[in-house]
Amino acid sequence: MTRSLRSLGVAAAISGMLALAACGTGTSSGNAGSSPFGDCEVTKNPTVHAMKTMTEGTLTVAASLPYPAGYRGNTLESVDGGYMYCLDAEIANRAGLRKIKLVNASFEALVTAKTSNFDFAVWDIYDTPERRKAVDFSTPYNTYRTGVLVKTGSNLTKESIKTATVGVLAGSVQLKYVNETLKPKEVRVFSSNDDLFNAVLAGQIDAALNDTATVMPRAASSGGKLEVIGQYPAGGDVAALFPKGSQNVTVVNEILADMEKDGTLAAIMNKWLNPILGGDPNKLADWSA
């Protein structure tokens, strides 16, 4: 799969919606007669690609939580929706698995292989040559660029950001971009999105740089306190991350190919991601450095 989901087209989206329409929803309780995947609709009777998981019958997924847009819920045990979780659910479903176990890990720990107690990680992680030295990736399931998040009413511009204080996540693509290309006056590095975005609200930094799928939902849910005013070309394909040498990479690639072909990937994003972005990322102003 080499295309972004945003280019899959209407036909694929409609096909995926039809595929999902026949599926029921339920709570995350796992009680008899309810869905084991919360409010995620999964395809009935899909082609099964068996995975060898850490725990029999269970897909163990790592993510840097909380992240309500991708994993809806207040605790690991209560997550019952979100575009990343529903992507995990469909993959588990097509692997013949009936349960997902979520484990929390910092972003930096995931991309540097400081943790490996999971089958794979889904947290919109960019697939880069540097990261492939430590971990493996699936084929991409989406493509993102980098948004510029500021307090609403900020007078920051493409020119003035050079003299501003910019915040990014540790180990992120944005960290490399600001250090090597943008080169603002000051760069502050944070370990979590919550810390990063709270620093914007507190006026500790002038802008936060992160992928558009992360900053746009945060701005949309901020009650008008935050806005995304531009985007940089830094970014690329996001994919599932695996411990180095995992035999499940090939299996997940096969599942993702099936999901792209029948439109299920597009349907998941249309239902769970696009509504929370609060706008079209392709219409953001180009702030190329």
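Counting only residues at least eight positions apart within a chain, or on another chain, the lysines with an alpha carbon under 21 Å from that of LYS158 are LYS176, LYS183, LYS185, LYS225, LYS283. Here is the list for segment 86-190: GluC sites (Glu not before Pro) lying in DSSP coil, each with at most 12 other C-beta atoms within 10 angstrom of its C-beta, are GLU130, GLU159. Highest GNM mean-square fluctuation among THR157, THR139, THR60, for the chain modelled with Cα contacts below 10 Å: THR157.
For PHE190, the amide hydrogen comes within under 5 Å of the amide hydrogens of VAL168, LEU169, ALA170, counting only partners 5 or more places away or on other chains and with H modelled in the peptide plane. Rounded to the nearest 10 degrees, the angle from helix 83-94 to the longest Cα principal axis of the chain is 20 degrees.
Looking at the chain, the DSSP beta bridges with both ends there are about 55 percent antiparallel. Here the sum of -39500 (n - 2.57) over DSSP H runs of 4 or more residues, divided by the residues of the chain, equals -7000 deg cm²/dmol at 222 nm, to the nearest 500. Can you tell me what share of the DSSP beta bridges in segment 149-263 is antiparallel? A percent to the nearest 5 is fine. DSSP beta bridges in segment 149-263 are roughly 35 percent antiparallel. Mean-square fluctuations from a GNM of the chain, with a 10 angstrom spring cutoff on Cα atoms, peak among LEU156, LEU102, LEU65 at LEU156.
Counting charges near ALA219 (Lys, Arg +1; Asp, Glu -1) among other residues having Cβ under 11 Å from its Cβ returns a value of +2.
A 1.4 Å probe run over the chain, with the rest of the protein chains in place, finds 43 Å² accessible per residue. Straight Cα distances below 28 angstrom link LYS101 to the lysines LYS44, LYS52, LYS114, LYS133, LYS244, LYS261, LYS271, with same-chain residues fewer than 8 positions distant left out. For the chain, a/c is not less than 1.5, where a ≥ b ≥ c are the root eigenvalues of the C-alpha gyration tensor, and a/b tops b/c. That puts it in the prolate class.
Backbone phi angles across segment 179-185, fed through the Karplus curve with coefficients 6.51, -1.76 and 1.60 (θ = phi - 60°), yield HN-Hα couplings of 6, 9, 10, 6, 6, x, 4 Hz in residue order; Gly and Pro are listed as x. Element breakdown for the chain at a 1.4 angstrom probe: carbon and sulfur atoms account for 50% of the accessible area. Using amide H atoms built in the peptide plane, which far-off residues or other-chain residues are under 5 Å from SER64 H to H? Here ALA105 satisfy the definition. Inter-part distance, segment 79-99 to segment 229-289, computed on C-alpha centroids, equals 15 Å.
The values are calculated or read from the model by the stated rules, or taken from the named source; none is laboratory data. What you see is a predicted model; the values in this text were computed from it and never measured. Positions of Cβ are generated from backbone atoms using ideal geometry, with glycine treated the same way; all protein chains shown enter the neighbour counts. Ligands, DNA and RNA are stripped out before the accessible areas are found, and what is left, the full protein with its side chains, is counted by its heavy atoms. Shrake-Rupley method; radii C 1.70, N 1.55, O 1.52, S 1.80 Å.
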